Amino acid sequence: MSDIRRVLVVGGGVGGLTAAATFARRGVEVVLIERRPTFEIPGVGLGQPANALRVYDTLGVLDEILATGFRYDHMSIFDPDRRLIVEHKFQMGDERVPAFCALSRLQLHEILLGAAQRAGVALRLGLTVSEIDDDGDRVAVRFSDGREDTFDLMAGFDGIRSATRLHVAGTAFQPRPSGYGAWRVQAPRPDTVRGMEFLQGIGSKTGAMPLGNDIMYLFHIRPEAPGAAFAGPGQARLFKARLAPYGSYVAEIAATLTEESDIVYSPIEPMMLPWPWFRKRVAIGGDAAHTVAPHLTQGAAMAAEDAFVLAREALNDDVSIEDRLMRYSMKRYPRCAFVYTFSGQWLHDEQSVRTAQDLEAARAELKQNASARIGWSDRILDGAF
Ligand SMILES: Cc1cc2nc3c(=O)[nH]c(=O)nc-3n(C[C@H](O)[C@H](O)[C@H](O)COP(=O)(O)OP(=O)(O)OC[C@H]3O[C@@H](n4cnc5c(N)ncnc54)[C@H](O)[C@@H]3O)c2cc1C
């Protein structure tokens, strides 16, 4: 029996739900707290690559995810009028898991929540941690409702604005605005959209991800002022104006947007914590430790991998808990840093296309190198973690 018997998981996103279910399935008593009062979440869709699907397989929910989502094995890069530049067949997956399966964020959360509940996780909604007292042997916690409890380990998967990260690493390493933002909206899926798509534009990029037989999500990435929020009246008009340079289904979807459309805007604020992801018995993972540009669709996948590796290393009690958490940090850093660098560089490259001449140069470069480049990323991320 491991010396880690009671774990507090903070945050009910992909990372927290996966961590809670993984610890609980290994016989640990788990309390999961989530700040929101319900599990309804905003967000559009998530492409989940083979490496994430393998984690979900360990929780017994792979079949449910595959039955719910849309599988795809390729991505295509087009010009703004959807003339093909290059198609890439993903080099991920095996006979058990496809290269990718995409589904709505809410559907993925509900499936992981089911796994956590079946494993016996105690869920507490509308709750945060207000005080942490970690003496190295136990973590004593005071919750926002005034109650107190003690745990052998606290795992903070509390997202990009993580309060647990502040406890672990202070204020030095913070996500900062990149100067770019992502717009998203769900839309009917044209039959031609059967994989992930990027339409390289001039001064922006647009694309689509299929989420089911009838739906997909449309996304658009461009420079935006730091601090811009783009919610409420006028949002649809601004989104339409941004999509105006694009043809094909993008123009058709833009024409249907109204103030009632469920448009989501998020700033892109990459951050990679170059610091062990723990202090004494408090560890962090997922967006709390690293946030990445969305280009490789690996952010939530890295959160799921972090959760799985944290449980595996913490419960392998051959050495002190600090050494185990160091092992966790050292194992996770290179993979997450790879995703951070690759997707960040991709963001900067595509957003540097500012003129028609730049687009012609990008077309030639993408045609020659993009598939080989993405193929290397596939092979690295398809490997063991
Ligand atoms: C435009 C865009 C597209 C993306 N597309 C993809 C994709 O296709 N595939 C992919 O894998 N990833 C994608 N990502 C990344 C992905 O959304 C994140 O990496 C992922 O959600 C991180 O999961 P997490 O569990 O670490 O954090 P979150 O999902 O942010 O969950 C954190 C949870 O903690 C809760 N919380 C916060 N603070 C507290 C507190 N103090 N106490 C208690 N609870 C708290 C929050 O309410 C939240 O529920 C995308 C991101 C963006 C911006």
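Numerical summary
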quantity	calculated
Hz values of 3J(HN,Hα) by residue in segment 317-325 - Karplus curve (6.51, -1.76, 1.60), Gly and Pro given as x	8, 7, 9, 5, 4, 5, 5, 5, 6
Along each principal axis, Cα extent of the chain, largest first, Å	62, 45, 39
Accessible area of the chain belonging to carbon and sulfur atoms, whole % at 1.4 Å probe	52
Between segment 133-178 and segment 66-118, the Cα center-to-center distance that results, in Å	32
Loop-located trypsin sites (Lys or Arg not before Pro) in segment 143-229 whose Cβ has at most 11 other Cβ within 10 Å (DSSP)	ARG147
Net dipole in debye of the chain [+1 Lys, Arg Cβ; -1 Asp, Glu Cβ; about Cα centre; nearest 20]	380
Pairwise Cα inverse-distance average, inverted: Kirkwood Rh of segment 238-379 (Å)	18.2
Proximal charge balance of HIS109 [Cβ under 13 Å; K/R count +1, D/E count -1]	-2
Heavy-atom surface of segment 82-124, accessible at 1.4 Å and reported per residue (Å²)	48
Evaluated over segment 210-320, the Cα radius of gyration and Dmax, each in Å	19.6, 61
Candidates PRO42, PRO80, PRO223: whichever shows maximal mean-square fluctuation once the chain is modelled as a Gaussian network with Cα springs under 10 Å	PRO42
GNM result for the chain, Cα springs below 10 Å: residue of ALA169, ALA241, ALA293 fluctuating most strongly	ALA241
Per-residue HN-Hα couplings for segment 32-48 [Karplus 6.51, -1.76, 1.60; θ = phi - 60°; Hz; x = Gly/Pro]	10, 10, 9, 5, 6, x, 9, 8, 6, 10, x, x, 10, x, 9, x, 10
Length gained when the stretch SER2-ASP63 is fully extended (0.36 nm per residue, less Cα-Cα span)	18.9 nm
Top of ALA301, ALA20, ALA140 by mean-square fluctuation, Gaussian network on the chain, Cα under 10 Å	ALA140
Cut-off 13 Å between beta-carbons: net charge of the residues surrounding ARG176, Lys and Arg +1, Asp and Glu -1	0
Over segment 66-161, volume per residue of the alpha carbon convex hull, in Å³	215
Environment charge of TYR246, counting only residues whose C-beta is closer than 13 Å and scoring Lys/Arg +1, Asp/Glu -1	+2
Dimensions (Å) - segment 1-112, Cα atoms, principal axes, largest first	56, 34, 22
For segment 331-385, fraction of C-alpha pairs farther apart than 12 Å, in %	71
Alpha carbon convex hull of segment 261-306, projected area averaged over orientations, nm²	4.4
Extended-chain gain in nm, criterion 0.36 nm per residue less alpha-carbon gap, SER261 and GLN345	27.1 nm
Of all DSSP beta bridges in the chain, antiparallel share, percent nearest 5	70
As computed over segment 107-172, the Cα convex hull volume per residue (Å³)	114
Segment 183-230 - Debye-derived log10 I(q)/I(0), Cα point model, q = 0.20, 0.24, 0.25, 0.29 Å⁻¹	-0.68, -0.85, -0.89, -1.04
Integer Hz, Karplus 6.51/-1.76/1.60 couplings in order for segment 243-258, x for Gly and Pro	8, 4, x, 9, x, 6, 5, 5, 5, 5, 5, 4, 5, 8, 5, 9
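The values are calculated or read from the model by the stated rules, or taken from the named source; none is laboratory data. From a predicted model like this one, the values you see are computed outputs, not experimental measurements. Ideal geometry is used to build each Cβ from the backbone, glycine not excepted, and the neighbour counts take in all protein chains shown. Areas reflect the complete protein model, heavy atoms only, side chains present, ligands, DNA and RNA absent. Shrake-Rupley method; radii C 1.70, N 1.55, O 1.52, S 1.80 Å.
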